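Student: Dropping the structure in here first, questions after.
The values are calculated or read from the model by the stated rules, or taken from the named source; none is laboratory data. This one's a predicted model, so the numbers in the text were calculated from it and none came from an experiment. Cβ placement follows ideal geometry from the backbone for every residue including glycine, while neighbour counts extend to all protein chains displayed. With ligands, DNA and RNA removed, areas are computed over all heavy atoms of the protein, side chains included. Shrake-Rupley method; radii C 1.70, N 1.55, O 1.52, S 1.80 Å.
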Amino acid sequence: MNASFQILERIKQCSKLRLSIQGKSLHAFVIKTGLDQHLPLYPNALIDMYGKCGHLKHAVKLFDEMPDRDLVSWASIFTAHNQANFPRQTLFLFSRMLSRDGLQPDHFIFASLVKACACLSASKLGQQLHAQFVLSRFSDDDVVKSSLVDFYAKCGLPDQASKVFHSIVSKNVVSWTSLVYGYARIGRKNEALELLHDMPCKNVQSWTALISGFVQGGHCTESFRLFNQLRSEGIDIEEPFVLSILIVGSSSLAIDVLSAEKIFGSLRERDVVSWTSIIVGMAQHGRANEALSLYDDMTKAGSRPNEVTFTGLIYACSHVGLVEKGRQIFESMIADYGLSPSLQHYTCLVDLYSRARHIEEAENVLNTMPFKPDEAAWAALLSACSSQAGKNETGVRIANHLLQLGVEDPSTCVLMSKIYASATMWESVSTVRRLMTGMESKKKPGYSCVDLGKENEVFYAGETTRHLMKDEIVDLLKELDSEMRKRGYKPDTSLVLHDMGEEEKERQLFWHSERLAVAYGLLKSARGAPIRIIKNLRVCGDCHTVLKLVCSIVGREIVVRDANRFHHFKDGACSCRDFW
DNA sequence: GTAGGGTTAG
């Protein structure tokens, strides 16, 4: 019996230290010696070990072969999926746990489920779990509470996070840090800093959480100011972790002083994450050639790219129409690096082909890839069909398919409606319009934030805006409008949903938040400086046209980060090449 | 005495 417990101890060590090779040989040993027949608690410890060492498949295999699974088995398999970044699968498996094994969650299960919800920002489900947890006999558990703090922080609900936080009996660095992150993410700087100040146990991670919270929430200027402040106070934060975040932060601002390239250049040691950060940053800004040449440097420097690196690279190729290069990179990822492409990689590949108008190839990828294509993947192809003459038949087929599948993104609806309209399928057009009206009522209010370095100003859509400089803003927008019309601009009202006259629809467009923000930026920023806008939703088609015209009329660069990507408007064109 | 949970990067 002693020997069994010794083996167990060693398996635990392997989990903890992520020693997958030793773990595997222990597994082999257990089978060879027949210990698996006697070993108590077999194979939960092995499932945990495989999960922690990143061998999800092995963990799942052992789990599936188990005749009787207990809560520990389920908790281990949930953690394995969370760690492999499959939070959806965790939640799916939970429903199986209830239905198949009839087990009720304990505190371990609650914690891993809440974590999955946090990863997905699944606020409704997470709150349901919270309610269930409160009613359970585990409601005193501090770790679950801590996971809830993180969950609310990631969902952008710091007040809820704080409520749970204060109910924690023995608060530790994890619970504190989660709340700091929550405040930072939503831009509540003073609260974040105060909390950090009061924190008895702060470490490098806490500072990092603060900075990354600001970056994630789009408050990039703030994160740099903080970074400088911390440096001047002698706090040791020059570790690759923070710098990687700052590379992301600086590439989302496209600023000069501490630009991503500069930070990257100053790194003493470059790991796969810092290389990937700079590559992704370049790719997002449409600077594909720089991204590709950095990739060359990376491999020459002996750093091994991973899945995320490849996402960035294919994305980069896709933006400049380097179809062949993108395909090669995709293949090299599998053949040279032994990585298995995820749904996201396939979606990037579809995007690559679609943007280059290689519609058959794109459709072929969708039909043969080992994943069920999601809405984003179909939408990439649909977009190509709608902008290419003669591809309407394919477009209609895909739109029909999407209609059956269920659509969630209004921009997909816009594409579908375009396709149906050009096929004169009016009945389908109105079906899609009805769908969109339903979405409209659920839509978050759109806003744009103009970043002027020292200050930020947020604008919401609509003429009720009560801004001190409203008159100046409107005058400038009118002036720009008439100049744009001289250059052939015709408002595209096809995306305005409300049932109203054409003129009224144009008025709606005129008051879109990004225009107000750009006008204010033009009035307030230093001459010649780029105007930087952060928008919570996607830029609409009409605003995209307007911004292209405005940048050439005023001779200024306009950078918009919307919900999906960056748009660099310069000399009448956009870095997204009108495909977003 | 035995196994499972929560913070920060791309």
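Student: Among the residues that make up region A:478-485, is at least one of them surrounded by 14 or more Cβ atoms within 10 Å (Cβ to Cβ) and at pLDDT below 80? Please lay out each step first, then the result.
Tutor: Of the residues in region A:478-485, the ones surrounded by 14 or more Cβ atoms within 10 Å (Cβ to Cβ) are A:480-481, A:483-484.
Filter again for at pLDDT below 80, leaving none.
No: region A:478-485 contains no residue that is surrounded by 14 or more Cβ atoms within 10 Å (Cβ to Cβ) and at pLDDT below 80.
Student: Take the conditions open to solvent by less than 70 Å² (accessible area, probe 1.4 Å), more than 20 Å from the chain's Cα centre (by Cα), more than 10 Å from DNA strand B (Cβ to nearest atom) and closer than 27 Å to A:CYS53 by Cα and apply them to A:ASP101. Does it pass?
Tutor: Judged against the criteria, A:ASP101 is a match.
This table checks each residue for (1) within 8 Å of DNA strand B (Cβ to nearest atom); (2) modelled with pLDDT of 90 or more.
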position	(1), (2)
A:ASN2	yes, no
A:GLN22	no, no
A:HIS38	no, no
A:MET49	no, yes
A:GLY54	no, no
A:ALA59	no, yes
A:LEU71	yes, yes
A:ILE77	no, yes
A:GLN83	yes, yes
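Student: Pairs please, first residue from region A:3-18 and free of Cβ contacts under 8 Å to residues at least 40 places away in the same chain, second anywhere and open to solvent by 100 Å² or more (accessible area, probe 1.4 Å) and not in a helix (DSSP H, G or I), Cβ atoms under 8 Å, 6+ apart in sequence or on different chains.
Tutor: Listed pairs, sorted by first residue: A:SER4/A:HIS38; A:LEU8/A:LEU41.
Student: Let me ask you something else. Over 23 Å from A:VAL242 (Cα atoms) and open to solvent by less than 20 Å² (accessible area, probe 1.4 Å), is that true of A:ALA161? Walk me through it before giving the result.
Tutor: Values: over 23 Å from A:VAL242 (Cα atoms): yes; open to solvent by less than 20 Å² (accessible area, probe 1.4 Å): yes.
Yes: the conditions hold for A:ALA161.
Student: Do any residues in region A:109-128 that are in a helix (DSSP H, G or I) have Cβ atoms under 8 Å from those of residues that are open to solvent by 50 Å² or more (accessible area, probe 1.4 Å) and of a type in the set (Lys, Arg), where the two are at least six apart or on different chains, and which pairs are they?
Tutor: Cβ pairs passing all conditions: A:ALA116/A:ARG88; A:ALA118/A:LYS154; A:CYS119/A:LYS154; A:LEU120/A:ARG88.
Student: Looking at A:PHE330, is it hydrophobic (A, V, I, L, M, F, W, C) and away from DNA strand B (no atom under 16 Å from the Cβ)? Lay out the reasoning, then the answer.
Tutor: Values: hydrophobic (A, V, I, L, M, F, W, C): yes; away from DNA strand B (no atom under 16 Å from the Cβ): yes.
Here the answer is yes, as A:PHE330 does meet what is asked.
Student: Still on this structure: Pairs needed: first member in region A:199-224, under 14 Å from A:GLY182 (Cβ atoms) and of a type in the set (Ser, Thr, Tyr); second member anywhere, within 11 Å of DNA strand B (Cβ to nearest atom) and modelled with pLDDT of 85 or more; C-beta distance under 7 Å; at least 6 residues apart or different chains.
Tutor: Final answer for the pair search is A:SER206/A:VAL173; A:SER206/A:TRP176; A:SER206/A:THR177; A:SER206/A:VAL180; A:SER206/A:MET199.
Student: What number of residues in region A:555-577 are in contact (Cβ under 8 Å) with a residue 40 or more places away in the chain and not small (Gly, Ala, Ser)? Lay out the reasoning, then the answer.
Tutor: Residues of region A:555-577 that are in contact (Cβ under 8 Å) with a residue 40 or more places away in the chain, as a first pass: A:558-561, A:565-566, A:568, A:575-577.
Going one step further and asking which of them are not small (Gly, Ala, Ser), we end up with A:558-561, A:565-566, A:568, A:576-577.
Summing the residues that are in contact (Cβ under 8 Å) with a residue 40 or more places away in the chain and not small (Gly, Ala, Ser) in region A:555-577 gives 9.
Student: Restricting attention to region A:132-143, which residues are part of a helix (DSSP H, G or I) and open to solvent by less than 50 Å² (accessible area, probe 1.4 Å)?
Tutor: First pass over region A:132-143, keeping only residues part of a helix (DSSP H, G or I): A:132-135, A:142-143.
Answer for region A:132-143, where residues must be part of a helix (DSSP H, G or I) and open to solvent by less than 50 Å² (accessible area, probe 1.4 Å): A:PHE133, A:ASP142.
Student: Hey, can you tell me all the residues within region A:195-205 that are surrounded by fewer than 19 Cβ atoms within 10 Å (Cβ to Cβ) and within 14 Å of DNA strand B (Cβ to nearest atom)? Give the steps one after another, and end with the answer.
Tutor: We begin by selecting, within region A:195-205, every residue surrounded by fewer than 19 Cβ atoms within 10 Å (Cβ to Cβ); these are A:197-201, A:203-205.
The answer is A:MET199, A:PRO200, A:CYS201, A:ASN203, A:VAL204, A:GLN205.
Student: Looking at A:VAL308, A:VAL323, which is the one that is open to solvent by 30 Å² or more (accessible area, probe 1.4 Å) and of a type outside the set (D, E, K, R)? Walk me through how you get there before you give the answer.
Tutor: Details: A:VAL323 fails: open to solvent by 30 Å² or more (accessible area, probe 1.4 Å).
Only one candidate passes the filter, namely A:VAL308.
Student: Related question: Grab the helices (runs of 4 or more DSSP H) fully contained in region A:1-85, keeping just those with 3 or more residues being closer than 18 Å to A:LYS115 by Cβ. Give the derivation first.
Tutor: Details: elements: A:2-17, A:20-32, A:44-52, A:56-65, A:71-83.
Counting at least 3 such residues, we get A:44-52, A:71-83.
Student: Could you list, in sequence order, the residues of region A:388-405 that are at pLDDT below 85 and open to solvent by less than 70 Å² (accessible area, probe 1.4 Å)?
Tutor: Passing the criteria: A:GLN388, A:LYS391, A:ASN392.
Student: Can you tell me which residue among A:LEU125, A:LEU113 is within 13 Å of DNA strand B (Cβ to nearest atom) and within 20 Å of A:ARG88 (Cβ to Cβ)? Working first, answer last.
Tutor: Details: A:LEU125 fails: within 13 Å of DNA strand B (Cβ to nearest atom).
Matching residue, one of A:LEU125, A:LEU113: A:LEU113.
Student: Could you tell me which numbered condition A:LEU125 fails, if it satisfies all but one of (1) within 19 Å of A:PHE165 (Cα to Cα); (2) open to solvent by 50 Å² or more (accessible area, probe 1.4 Å)?
Tutor: The one condition A:LEU125 does not meet is (1).
Student: Cβ-Cβ under 6 Å, sequence separation 6+ or interchain: first residue in region A:325-350 and closer than 22 Å to A:GLY302 by Cα, partner open to solvent by 50 Å² or more (accessible area, probe 1.4 Å). Which pairs?
Tutor: A:LEU339/A:GLU307
Student: Follow-up. Only one of these conditions is not met by A:ALA301: (1) within 14 Å of DNA strand B (Cβ to nearest atom); (2) surrounded by fewer than 21 Cβ atoms within 10 Å (Cβ to Cβ). Which number is it?
Tutor: With respect to (1) within 14 Å of DNA strand B (Cβ to nearest atom); (2) surrounded by fewer than 21 Cβ atoms within 10 Å (Cβ to Cβ), A:ALA301 is out only on (1).
Student: Related question: Evaluate the following for A:ILE247: is it in a helix (DSSP H, G or I) and not charged (D, E, K, R)?
Tutor: Considered against the rule, which asks whether it is in a helix (DSSP H, G or I) and not charged (D, E, K, R), A:ILE247 comes out as yes.
Student: Among (1) touching a Phe, Trp or Tyr at 6+ places or on another chain (Cβ under 8 Å); (2) part of a helix (DSSP H, G or I); (3) modelled with pLDDT under 75, there is one condition A:LEU294 misses while meeting the rest; what is its number?
Tutor: Just one mismatch for A:LEU294, condition (3).
Student: Given A:GLN6, A:GLN89, which one is over 34 Å from the mean Cα position of the chain (by Cα) and open to solvent by 40 Å² or more (accessible area, probe 1.4 Å)?
Tutor: Numbers: A:GLN89 fails: over 34 Å from the mean Cα position of the chain (by Cα).
A:GLN6 is the lone residue from the list that is over 34 Å from the mean Cα position of the chain (by Cα) and open to solvent by 40 Å² or more (accessible area, probe 1.4 Å).
Student: Which residue, of A:LEU509, A:LEU549, A:LEU537, is at pLDDT below 90 and either more than 24 Å from the chain's Cα centre (by Cα) or farther than 21 Å from A:TYR447 by Cβ (or both)?
Tutor: Numbers: A:LEU549 fails: at pLDDT below 90; A:LEU537 fails: either more than 24 Å from the chain's Cα centre (by Cα) or farther than 21 Å from A:TYR447 by Cβ (or both).
The conditions single out A:LEU509.
Student: Give me the residue from region A:180-194 that is within 19 Å of A:VAL242 (Cβ to Cβ) and either charged (D, E, K, R) or crowded, with 23+ Cβ neighbours inside 10 Å (or both) and, out of that set, nearest to DNA strand B (Cβ to nearest atom).
Tutor: Top of the filtered list is A:TYR181.
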